[in-house]
Each structure stands twice: as structure tokens, then as C-alpha cells.
1. Name the helices (runs of 4 or more DSSP H) wholly inside region A:170-264 in which the number of residues that are of a type in the set (Val, Ile, Thr), away from RNA strand B (no atom under 14 Å from the Cβ) and closer than 29 Å to A:GLY293 by Cβ is 2 or more.
2. Of everything in region A:132-165, what is of a type in the set (Gly, Ala, Ser) and either within 16 Å of A:ASN187 (Cβ to Cβ) or touching a residue at least 60 places away in the same chain (Cβ under 8 Å) (or both)? Give them in sequence order.
3. Going by what's in this entry, would A:ALA12 be described as within 26 Å of A:ALA82 (Cβ to Cβ), crowded, with 19+ Cβ neighbours inside 10 Å and more than 10 Å from RNA strand B (Cβ to nearest atom)?
4. Can you tell me which condition A:THR311 does not meet? The list is (1) hydroxyl-bearing (Ser, Thr, Tyr); (2) closer than 14 Å to A:HIS269 by Cα; (3) in contact with a helix residue (DSSP H, G or I) (Cβ under 6 Å, 6 or more places away or on another chain), and all the others hold.
5. From the list A:LEU116, A:LEU111, exactly one residue is modelled with pLDDT of 95 or more and of a type outside the set (Asp, Glu). Which is it?
6. All but one of (1) in a loop (DSSP other than H, G, I, E, B); (2) over 20 Å from A:VAL33 (Cα atoms); (3) near RNA strand B (Cβ under 9 Å from one of its atoms) hold for A:LEU101; which doesn't?
7. If I filter region A:292-316 down to residues being crowded, with 18+ Cβ neighbours inside 10 Å and under 25 Å from A:ASP346 (Cβ atoms), which single residue comes out as farthest from the chain's Cα centre (by Cα)?
8. Look through A:VAL32, A:VAL37, A:VAL63 and report the one residue that is near RNA strand B (Cβ under 7 Å from one of its atoms) and surrounded by 24 or more Cβ atoms within 10 Å (Cβ to Cβ).
Amino acid sequence: VVTWNAILSAYARHGHAAKAIALHNSMPEWSVVTSTVVLTAYSQEGRINDAELLFHRMPTSDVVSTTAMLSAYAQSGHILKAKRLFERMPEWNLVSWNVMLAAHTQSFHSLEAKSLFKSMPVVDLVSWNVILNGSSLEEARQVFEVMPERNIVSWNTLLSSFAQHGHLEEAKQIFSAMPEHDLRAWNSILSGSANFENFREILRLFGAMPARDLISWTVLLAANFQNGFVDRATKILERMEQRDLVAWSVMLAGLAHSGYFHRAIETFHSIKTTSTPDETCFVLALLACGHAGRVYDGVRCFVSMSLDFKTRPSKHHYTCVVDMLGRAGHLEDAHDLVSSMPFAPD
RNA sequence: GCCGAUCUUGGCG
């Protein structure tokens, strides 16, 4: 079991949560550790219901598995469930406290986070990093100064706060002051520049990077679209050695944003041949169909979501289709869809 | 003694 678990967690840790989930069925024996790894994998895949089901079916649970469930709730935005579980836990440790802390900052409840932080029996560097991450720009500087120690995560957190808000001068100062630069740091600066600086600067940074990963390439792809270089962007995507759904949706969004609705729809069809589109891809495809006036394709896409891909259409998807039908003058169909959808119309 | 949970980078909203 120990060996199997090690393999499972190796998959999960390298971003292959789906493989870990698939693999665990063929294991001869299970332990709490197995369930915890799979629970975390479900959470990474956004399958919160499966995580919950697994958790409730576990023959035994301990602090670690309960904390994993807590984290799954927190990451999926179920803060109330997280709170309830936290209160019912038989024992707490530093990690479970940190998870609750992060649950609050991720929901922007910074006051609650602060009071929780103050009430914690012990705090460590992770707790400080969570607080740093939940701080406003002005506070972040102070928190960073006051922290008893800092690591690369602290530096990256500070850096990305400034970079994401367009304070690039300060971000660059922080970058130069950092003891070391990992890919995350480079990517933070790159994406900050992509959103707030001119295109030459992005190219310069991209060229200056000691290494590039899928995220770096995706940022470059998006930057090309933002600057109107549609053909360059297309070539970049073709030459990327890996493409995930984020890269594909940047492509879809970029094409649609530039008015190439038909090319976006073609792209969507080619995505389907190699991967399972996620909710964002479907939204973008439906929007493209709507703008291109391709009602038939849009409806087919919408139907195939649940039929072929087992993806439950969200309210957002319904809105796209209703909008598409409305624009095309199919008012009755639009109305029928609104009355048949499992959401309250808004 | 060995395997599992928490913090930092890219897409639509």
C-alpha cells in the first residue's frame, strides 16, 4: 500500500490528478492515506462532490484527511461547510488552522482572517504567507517587514500583489531585491507586464527568462492577442509543445475578441478531438456561435455538453444560448429555454 | 523508520 500511495501522490503532485484518480481503482489495498490522496486529487479536479462522497464513505478519518476535506471546501468556495467541519473536528493542528485562515482570505474576509490569525495558538511561515496574500498593497509591505522570516513564497506573494495591480516599477524593485528567481517569479512579472506594459517589454522579458513553461507561453499568447497580432498568436499556439485547456481558451477568447468567430468555432472543434473542453471553453464557444449567428452550431454545442461530455451547463451557459437565440430572433425558443432551465432567471 | 492535508505564476465570469 505504501508503494502504491507513493505512486499516487507522485501523480497528484505533478498535476496529474486525473491519472491518480484513475489509478486508485486498480489498487489491491487501501488505507486512509490512499483516500486522502484521492480526495485531494478530486479537489484539484474541481470534483468537490466526489471528494465529499469519498470523505463520508471513508472507514476511518484522521486529522490529515479531515483537513484535506476542509481544504477542498475552502478551495471550492464552500466556506460555510468548511467552518462547520472545522468546528466539528476532534482535534486541530497548525495545518488545519492554516487551511481555515486561507479559506477566509480567499473569500476576501480579511477581518475574519486577521482575528483568526490572532487567536491561533501557534503560527508558522505559511500562516504569515496567507496573511500576506490577503493584505492590500499598503498592508502587504508592512506585513512583509514585520514577518519573523520570509521564504521564496513570501517574496513571490509580495511580487505578484504588485505586479497584478499594475505597480510594475515597484514589482521590478521587489524582483531585483529577491534572493532568487524561480519560474513563478518570472511569470508574475511577465503577466504583470502583459497586462500593463507595451509589447516590446513583454518580448524583452520573455527573451530574458532563463526558462519558460506552459504558463509563460500562455501569457505570451494572450499578449499577442491583446496587441492585435492574431496570426503570430496562432503560430505560437501551433509551436507550443504542450497545450492545456487554459491555453486553448486563451486562443478561443483571443480569436473571438478579434472578431474571428468562425475560426474560434473551428478551434473549438479541434479541441474536442484531443481533450475534454471545460466550462470556460464551452462558454467561449457559445459566445462565438452567438456572435457568428451560427445558431444551429451553438445549440448543438450546448446539447453535446451534457450528452457527450457530461458537463452540466451552468447558468452562464444558458445565458449565452438564450442570448444567441434572442439575437437570431428565435424568441419563442429563447423563452422556452428560460422556463425550462434549472436556475432562477435574472 | 517509509506514503497523505495548508501559502506564491496564465484563460471566461
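1. On the way: elements: A:183-196, A:199-208, A:214-226, A:230-239, A:245-257.
Qualifying helices (runs of 4 or more DSSP H): A:230-239.
2. A:SER160, A:SER161, A:ALA163
3. On the way: within 26 Å of A:ALA82 (Cβ to Cβ): yes; crowded, with 19+ Cβ neighbours inside 10 Å: yes; more than 10 Å from RNA strand B (Cβ to nearest atom): no.
Here the answer is no, as A:ALA12 does not meet what is asked.
4. All conditions pass for A:THR311, except number (2).
5. Details: A:LEU111 fails: modelled with pLDDT of 95 or more.
Result of the check over A:LEU116, A:LEU111: A:LEU116.
6. (1)
7. Our first condition is that a residue be crowded, with 18+ Cβ neighbours inside 10 Å; within region A:292-316, this holds for A:292, A:294-295, A:297-299, A:301-302, A:305, A:313.
Then drop every residue that is not under 25 Å from A:ASP346 (Cβ atoms), which leaves A:295, A:298-299, A:301-302, A:305, A:313.
Values: A:VAL295: 30, A:GLY298: 26, A:VAL299: 27, A:CYS301: 24, A:PHE302: 23, A:MET305: 21, A:PRO313: 19 Å.
Among those residues, the one meeting the criterion is A:VAL295.
8. Details: A:VAL32 fails: surrounded by 24 or more Cβ atoms within 10 Å (Cβ to Cβ); A:VAL63 fails: surrounded by 24 or more Cβ atoms within 10 Å (Cβ to Cβ).
On inspection, the qualifying residue turns out to be A:VAL37.
The values are calculated or read from the model by the stated rules, or taken from the named source; none is laboratory data. Here the structure is a predicted model, which means the values were calculated and not measured. Note that we place each Cβ from the backbone using ideal geometry, even for glycine, and neighbour counts take in every protein chain shown.
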